[in-house]
Amino acid sequence: MSFTSIPILDLALARDPATKPQFLADLRHALMEVGFLYLKNVGIPDELWRQVISEGKAFFDIPREEKLKIEMKNAPSFLGYSQLSAEITAGAVDHREQIDLSTEHAVPGPSAPAYANLLAPNQWPSEAVLPNFRRVYTEYMRRMGGVSIAFTSLIAEAIELPADAFNRYFDPDQQHKLKIVKYPDVAELGLGLGDSAQGQGVGPHKDSMLTSYLLQASAHRGLQVQNMQGEWIDCPPIDGTLVVAIGQGLEALTQGVCASTTHRVLSPVAGAGPRFSIPFFQGVRGSATFEELESVGVGQVPESVKQQRQKVLEANGGRLDDVEFTFRKGGVATTLGEATLRNRVKSHPDVGERWYPEILRDIREQQAREAAQKKQAASGDGSTAALPTQGVSGTQAQAVEAH
């Protein structure tokens, strides 16, 4: 039977040799059968968590002109502020306002590949309006980088790989990313929907790389996870936890054993007030090629573990999914960095128009070809064999970073 709730794991149990085996067994269950989990006792001080939430919410209250000084389209890094409804997922507008940050890097040199532009300094809000913001988020991202690397080693152990199996895909100064997101309620959006209606906070998608860690910073429901029967399961906030999502990169590297699960966010209903969300995204070495991922990867997952995953799929009659799996070779991008850059241009066309017009033009031409193929197939004049693979609802695939 497909999952109907999200499991809760206690990371403290992984630190005790007496309880670690049971933790790894529970983690394997979550990886194979759900692809999502709550994680508690992660090692972040409560006071820092409180500061992260308060500073994050405070960002949206600073004057609009201060936000626009650090707007994302000011730089080619895709770091900075995005105005409400500036991002696109699954072909529709996401109704959210946000700021994107990352662990900081120097501006790349002129000979670096285009995707190296993603490694850059942050655009920070002025200390005159938010004096503690930079300090709090620099510390949080530093700590979360350590949490994510340590948790990935536990994932390796849970599926009977060496603890360091994923280390080859991390740079010594690996970049990790973070978003602070505000989802206004339906009434604030002014879309003319009914009081009980819920709009698209972010459309159905899979995360791109290995793991992400969501701090749900308000009491609102909205995050939903799709089970193997195609049903949407609520993932409500639970105090003291992070929500961990498995990305497409992890599913690819583990030969399909770890499930990358489709999820979405619904806008709060009218009168509920805004939902706040602070997801942290574990980074991966941008120079890694899809060829390397498929031919070398992290080594062979034991056959007994693969068979366990196969039994899960068989017990559920296969896997219904609104978003296709796209983390594979054969596309335009040959490296993870190139693929990430293309995804960012697709999600933020205003940044693409300013900094990456050739990539944006190529993406739009590809979208036009796919739209023409769909139209031709729908009219009965062409073969569906030429169409890109899709999920059950026909949602075009997109690997993005959002919760």
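The values are calculated or read from the model by the stated rules, or taken from the named source; none is laboratory data. On a predicted model such as this, the values are computed, not experimentally measured, just so you know. Don't worry about glycine lacking a Cβ; one is built from the backbone with ideal geometry, like all the others, and counts go over all protein chains shown. For the accessible areas, the whole protein counts, side chains as well, though only heavy atoms, and no ligand, DNA or RNA atoms are used. Shrake-Rupley method; radii C 1.70, N 1.55, O 1.52, S 1.80 Å.
Listed by first and then second residue, the pairs with beta-carbon distance under 7 Å, at least 6 apart or on different chains, first residue in the stretch 110-121 and of a type in the set (A, V, I, L, M), second in a loop (DSSP other than H, G, I, E, B) and surrounded by 20 or more Cβ atoms within 10 Å (Cβ to Cβ), are 118/77; 118/78; 119/175; 120/77; 120/79. Consider the stretch 282-292 and keep the residues that are more than 16 Å from residue 211 (Cα to Cα) and of a type in the set (A, V, I, L, M, F, W, C). The one that is least open to solvent (accessible area, probe 1.4 Å) is 288. Scanning the stretch 132-151 for residues that are free of Cβ contacts under 8 Å to residues at least 12 places away in the same chain and not in a helix (DSSP H, G or I) gives no hits.
Among the residues here, residue 297 does not qualify as at positive phi and touching a strand residue (DSSP E or B) at 6+ places or on another chain (Cβ under 7 Å). Within the stretch 11-24, if we keep just the residues that are part of a helix (DSSP H, G or I) and open to solvent by 50 Å² or more (accessible area, probe 1.4 Å), the residue that is nearest to residue 160 (Cα to Cα) turns out to be 21. Which condition from (1) touching a Phe, Trp or Tyr at 6+ places or on another chain (Cβ under 8 Å); (2) buried (at least 18 other Cβ atoms within 10 Å of the Cβ) is the one that residue 127 breaks? The single condition residue 127 does not satisfy is (2). The one condition from (1) closer than 23 Å to residue 264 by Cβ; (2) open to solvent by 30 Å² or more (accessible area, probe 1.4 Å); (3) in contact with a Leu (Cβ under 7 Å, 6 or more places away or on another chain); (4) not acidic (Asp, Glu) that residue 114 does not meet is (1). Here residue 93 fits the description: under 19 Å from the mean Cα position of the chain (by Cα) and open to solvent by 50 Å² or more (accessible area, probe 1.4 Å). State yes or no: is residue 81 surrounded by 21 or more Cβ atoms within 10 Å (Cβ to Cβ), touching a helix residue (DSSP H, G or I) at 6+ places or on another chain (Cβ under 7 Å) and under 29 Å from residue 341 (Cβ atoms)? Criteria met by residue 81.
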